[in-house]
Amino acid sequence: MDTRQSRIDRCNQALEAARSVIPADLYAVVYDCINRHDEAGLGIETLIDGLSELELRITSEQFALIEAAMDSMGLADSSRVSYLRDHNVAF
């Protein structure tokens, strides 16, 4: 697993990559989880859930950054990541 700051950085990279796709209110919630509440894992899970619930499509590059953020927390094998890959990525 990565250091705390490295995890935060990866999560912020994933969030910024998805910024153009997600609604502003979802961005704000995820940003606050990662940067204000020290809940990077919850933030990225919220991002993934929002993408899935809103049926938003992301690129393979955006997915790779989200997956890297999850991997930095030891969560790359989660069902959320699999679902996102299978249903929301435009390859």
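We did not get these values from a lab; they are worked out from the coordinates using the rules stated. Predicted model, so just to flag it, every value in this text is computed and none were measured. Neighbour counts run over all protein chains shown; Cβ positions are idealised from the backbone, glycine included.
Below, the figures for the structure above:
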{"read-out": "Where GluC sites (Glu not before Pro) fall in DSSP loop in region 1-84, at most 12 other Cβ within 10 Å", "value": "Glu55"}
{"read-out": "Label point at Asp49 placed 7 Å out along Cα→Cβ; residues across region 1-26 whose backbone nitrogen lies under 14 Å", "value": "26"}
{"read-out": "Cα gyration tensor shape for the chain, rounded if a/c is under 1.5, else prolate or oblate", "value": "oblate"}
{"read-out": "Distance from region 33-47 to region 1-24 (C-alpha centre basis), Å", "value": "9"}
{"read-out": "Which of Thr3, Thr46, Thr59 has the fewest Cβ neighbours within 10 Å, and the rest in rising order", "value": "Thr3, Thr59, Thr46"}
{"read-out": "Sequence-separation-based contact order of the chain, relative, with Cα cut under 8 Å and 6+ spacing, percent", "value": "35"}
{"read-out": "Long-range HN-HN contacts of Ala76 with modeled amide H, under 5 Å", "value": "Asp71"}
{"read-out": "Calculated [θ] (222 nm, deg cm²/dmol) that DSSP helices of n ≥ 4 give over the chain, each run adding -39,500 (n - 2.57)", "value": "-22000 deg cm²/dmol"}
{"read-out": "Amide hydrogen neighbours beyond the local backbone of Ile58, cut-off 5 Å, H modeled", "value": "Val89, Ala90"}
{"read-out": "About the Cα centre, charge dipole magnitude for region 4-90 (Lys/Arg +1, Asp/Glu -1 at Cβ), debye", "value": "160"}
{"read-out": "Positive-end extreme of charge dipole, region 1-59 - chosen from Gly41, Thr59, Ala24 (charges on Cβ)", "value": "Thr59"}
